[in-house]
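J.: Below you will find the structure I want to go over with you.
The values are calculated or read from the model by the stated rules, or taken from the named source; none is laboratory data. All values derive from a computational prediction rather than experimental measurement. Neighbour counts run over all protein chains shown; Cβ positions are idealised from the backbone, glycine included.
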Amino acid sequence: MIYRCVAASVAGFVQQLAVSYIANGYYFYVSGSIPSIKDPSRTDAKIILQYAIAIWKWARARKKKLGNAEVQYLRYDRFFVIMANHGAHPFFAAEAGQIRDIRRQPLYFMGYTIGCRTGRDGSTLHPSVHIDGAVFRELKHWFERAAVYQSVDQLREDLRSIPYEPYAPVRNQVRTLVHLVNQRRKAAGLELVPPQAVWRQRKPVRPFGQSEYAS
């Protein structure tokens, strides 16, 4: 069978990781970068074979019923992550000492922090995708300086063009930026940026195909 593991875009990688894997209980992970002297496709094949990742859905269901873990592999460019859910699997012995739990140690990728958050019921876990803290501090610094020098239209355009997919935590971060900008503009007696003008809803992408939006 064909196992699709090479993400076509940063957005596709983040979506597959968060929506397809973390949301379905794949919390344990190992990440790394393939050296430039190596062929990424060979590394893909080696990992997929080593952990018997390319199996049919019925085989996955059978393994789950027996209490065995399932493993997934995902790569963008030369960055890769191997993920597993609860259960027994050779992955845990082979990668001992390197395995991280995404519920406690988020994954940092291309300016994103990808982890888990607790739902409103206080127990259910959901994937959480933020703009990384260091990147967000840079954005805050830039917008704080630009707030009183740029027009409302330019600020609105700059806020809408922040190059991170608008997952709910990212939208909250953008709200923080809008609030910061408007605080500065209000103090200077300038027109405020209308908050509703910068909100975007995330559109699903095709993680392994073309980077155009999926229906």
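J.: What is the number of the single condition among (1) outside any strand (DSSP E or B); (2) at pLDDT below 95 that residue 186 does not meet?
T.: (2)
J.: Would you be able to tell me the number of residues in the stretch 44-57 that are assigned to a helix (DSSP H, G or I), hydrophobic (A, V, I, L, M, F, W, C) and out of contact with any Cys (no Cβ under 9 Å at 6 or more places or on another chain)?
T.: Residues meeting the conditions: 2.
J.: Ok, one more. From (1) out of contact with any Ser or Thr (no Cβ under 9 Å at 6 or more places or on another chain); (2) in the same structural domain as residue 33 (by TED's automatic domain parsing); (3) of a type outside the set (Lys, Arg); (4) modelled with pLDDT of 95 or more, pick out the condition that doesn't hold for residue 97.
T.: Here residue 97 clears every test but (4).
J.: Considering every residue within the stretch 27-43, establish whether at least one is assigned to a helix (DSSP H, G or I) and surrounded by fewer than 15 Cβ atoms within 10 Å (Cβ to Cβ).
T.: Scanning the stretch 27-43 turns up at least one residue that is assigned to a helix (DSSP H, G or I) and surrounded by fewer than 15 Cβ atoms within 10 Å (Cβ to Cβ).
J.: Suppose we keep only residues that are farther than 20 Å from residue 115 by Cα and among the hydrophobic types (A, V, I, L, M, F, W, C) within the stretch 78-91. Which one would you say is surrounded by the most Cβ atoms within 10 Å (Cβ to Cβ)?
T.: Here the answer is 91.
J.: Here's another thing I want to ask about it. Considering only residues that are over 20 Å from residue 109 (Cβ atoms) and either crowded, with 18+ Cβ neighbours inside 10 Å or touching a residue at least 24 places away in the same chain (Cβ under 8 Å) (or both), which ones fall in the stretch 155-175?
T.: 155, 156, 158, 159, 160
J.: Being of a type in the set (A, V, I, L, M, F, W, C) and within 16 Å of residue 85 (Cα to Cα) is the filter; apply it to the stretch 108-133 and report the residue that is modelled with the highest pLDDT.
T.: Checking each candidate, the answer is 116.
J.: Residue 152 fails exactly one of the following numbered conditions: (1) loosely packed, with under 15 Cβ neighbours inside 10 Å; (2) in contact with a Leu (Cβ under 8 Å, 6 or more places away or on another chain). What is the number of that condition?
T.: (1)
J.: Among what's in the stretch 2-26 and is out of contact with any strand residue (DSSP E or B) (no Cβ under 7 Å at 6 or more places or on another chain) and assigned to a loop (DSSP other than H, G, I, E, B), pick the residue that is farthest from residue 72 (Cα to Cα).
T.: 8
J.: Against the condition at pLDDT below 95, under 25 Å from residue 128 (Cα atoms) and either over 24 Å from the mean Cα position of the chain (by Cα) or not in a loop (DSSP other than H, G, I, E, B) (or both), how does residue 62 come out, does it pass?
T.: So residue 62 fails the test.
J.: Okay, moving on. For the condition in contact with a Phe, Trp or Tyr (Cβ under 6 Å, 6 or more places away or on another chain), modelled with pLDDT of 95 or more and of a type outside the set (S, T, N, Q), what is the one hit in 54, 7, 11, 18?
T.: Among 54, 7, 11, 18, only 7 is in contact with a Phe, Trp or Tyr (Cβ under 6 Å, 6 or more places away or on another chain), modelled with pLDDT of 95 or more and of a type outside the set (S, T, N, Q).
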